[in-house]
1. Of the residues that make up the stretch 199-208, is at least one part of a helix (DSSP H, G or I), away from ligand 2 (no atom under 13 Å from the Cβ), of a type in the set (Asp, Glu) and within 21 Å of residue 6 (Cβ to Cβ)?
2. Which residues, counting only those in the stretch 97-130, are under 14 Å from the mean Cα position of the chain (by Cα) and open to solvent by 10 Å² or more (accessible area, probe 1.4 Å)?
3. So how many residues does the stretch 241-268 have that are away from ligand 2 (no atom under 12 Å from the Cβ) and assigned to a helix (DSSP H, G or I)?
4. Is it true that some residue in the stretch 152-168 is within 13 Å of ligand 1 (Cβ to nearest atom) and out of contact with any strand residue (DSSP E or B) (no Cβ under 7 Å at 6 or more places or on another chain)?
5. At pLDDT 95 or above, touching a Lys or Arg at 6+ places or on another chain (Cβ under 7 Å), under 24 Å from residue 15 (Cβ atoms) and polar (S, T, N, Q): which single residue out of 46, 61, 65 fits that description?
6. When you look at residue 203, is it without any contact (Cβ under 8 Å) to a residue 12 or more places away in the chain, in contact with a Gly (Cβ under 9 Å, 6 or more places away or on another chain), surrounded by fewer than 17 Cβ atoms within 10 Å (Cβ to Cβ) and over 17 Å from residue 145 (Cα atoms), yes or no?
7. Pairs needed: first member in the stretch 216-238, more than 20 Å from residue 177 (Cα to Cα); second member anywhere, within 12 Å of ligand 2 (Cβ to nearest atom) and of a type in the set (D, E, K, R); C-beta distance under 6 Å; at least 6 residues apart or different chains.
Amino acid sequence: MPRLQVRTKTRQHEYKIAIGRGILSGAGKAARERFGSPSQRIAVISNRKVFSLYGPVLLRSLQSSGFATPHWLMRDGERYKSIQTAEEALNFLSKNGIERGDALIAMGGGVVGDLAGFVAATYLRGIPFIQVPTTLLAQIDSSVGGKTGVNLPTGKNLVGCFHQPDAVIVDIETLTTLPPRELVAGWCETIKQGAVGSMELFNQTTALLGKIDSRNVLISSKMEKLVAAHCAFKASIVAADERENVARRDRRSRRILNFGHTIGHALEAVTSYRRFRHGEAVGHGILVAGELSKNMGLLDESELELLRHGVSLCGPLPSAKDLDETAILNAIARDKKRARGYIQWVLLEGIGQPTIVDGKEIGQNLLKQSVRNSLR
Ligand code: NAD
Ligand code: GLY
């Protein structure tokens, strides 16, 4: 089973990412190893859908390692990643007398992970927590790196903090129950990470993507290695730029992980968050950012073709053909206002060679044309 070590410099925090098949049943042992013998209780936060599939295995494992396991299930969906839900979760911890020596486990996709991580970060000024990600997106991205938070009615992830987990347990067998669209969304994020990571990571990703017609791929050793390679890449970026320093514009700043996200967010906003799963919108966003990179003379047509091929392998994306370019550009402008005029695009000079470009340097006509060409 690949095990990775994440070392962040700012808080001298170090944790393991265990990746394997059927390793959920070893969660109790892993938690005992991490927290030692005095630890008595581990609170579990999940949602009904995920808990009905994997809750019994997790609780059994924790209990057999001597932990009491109060658990609480949040409602399913991005709209419940809110301050109200966080308050309910904090009350659950408090009513169950969870103390600083206890811990929390977040089991689910990025929504559960972000919310429960935020709750772990703020309850009693921070308690230890373990991420048990069960979507592809969460396994390769959101469970690693310590970004936690909730949404406000005015926008996503506007409240949050950095709080690194104490361990990440990635059981790839959980992917077998994921709905197909969630898999497509997760695969798009693997293309994003490959595109900014390296040609090697990109090729490793597309090689496996070429075989995803068989569901067995999801529980293959190649899948295990791929998830490990993505986690290793993400961990390397986080280790060097844990808090996403806004002054950094280099190729290894944490901001490069936002490749495809400027357009992705705009597409989600103009469709009122109803048409696309986040990763699907990022899939379109990757194509627009690639097209823009080519139109700005940064990226060769041949490498743009590789990107297009990679996204096409992920599976069908909901169409964006009917969306108006001006509405998309306006949504970007609204984001820009929120960011105090400071939109920075992540573009590509090649696969594995991201570059950060100030929005001021991008002409509106070129942008409009790139949006039109790639969404049609
Ligand atoms: P999600 O958490 O909403 O999960 C998608 C759906 O799959 C849900 O209905 C969930 O109940 C279900 N599900 C989860 N695991 C399952 C399984 N094994 N079998 C069957 N169904 C399962 O969506 P997501 O794509 O995992 O996460 C999106 C969230 O992640 C967003 O809120 C985004 O902001 C956040 N995110 C955070 C970071 C970070 O660094 N913290 C990075 C990227 C995204
Ligand atoms: N998913 C972006 C980040 O973790 O920084």
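1. At the first step, the residues of the stretch 199-208 found to be part of a helix (DSSP H, G or I) are 199-208.
After this cut, where a residue has to be away from ligand 2 (no atom under 13 Å from the Cβ) as well, the list is 199-208.
Applying the additional criterion that residues be of a type in the set (Asp, Glu) yields 200.
Now restrict to residues that are within 21 Å of residue 6 (Cβ to Cβ): 200.
The answer is yes, given that some residue of the stretch 199-208 is part of a helix (DSSP H, G or I), away from ligand 2 (no atom under 13 Å from the Cβ), of a type in the set (Asp, Glu) and within 21 Å of residue 6 (Cβ to Cβ).
2. 109, 110, 111, 114
3. Number satisfying all stated conditions: 6.
4. yes
5. Values: 46 fails: touching a Lys or Arg at 6+ places or on another chain (Cβ under 7 Å); 61 fails: touching a Lys or Arg at 6+ places or on another chain (Cβ under 7 Å).
Going through 46, 61, 65 in turn, the sole match is 65.
6. Values: without any contact (Cβ under 8 Å) to a residue 12 or more places away in the chain: yes; in contact with a Gly (Cβ under 9 Å, 6 or more places away or on another chain): yes; surrounded by fewer than 17 Cβ atoms within 10 Å (Cβ to Cβ): yes; over 17 Å from residue 145 (Cα atoms): yes.
Answer is yes for this residue.
7. Note: pairs meeting the criteria are 237/254.
Quick grid of which residues meet (1) more than 16 Å from ligand 1 (Cβ to nearest atom); (2) out of contact with any strand residue (DSSP E or B) (no Cβ under 9 Å at 6 or more places or on another chain); (3) of a type in the set (Gly, Ala, Ser):
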residue	(1), (2), (3)
87	yes, yes, no
90	yes, yes, no
93	yes, no, no
98	yes, no, no
108	no, no, yes
123	yes, no, no
127	yes, no, no
140	no, no, no
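The values are calculated or read from the model by the stated rules, or taken from the named source; none is laboratory data. Bear in mind the structure is a predicted one, so any value in this text is a computation, not a measurement. Every residue, glycine as well, gets a Cβ built from its backbone with ideal geometry; the counts of neighbours run over all protein chains shown. Side chains included, ligands, DNA and RNA excluded: accessible areas come from the protein's heavy atoms. Shrake-Rupley method; radii C 1.70, N 1.55, O 1.52, S 1.80 Å.
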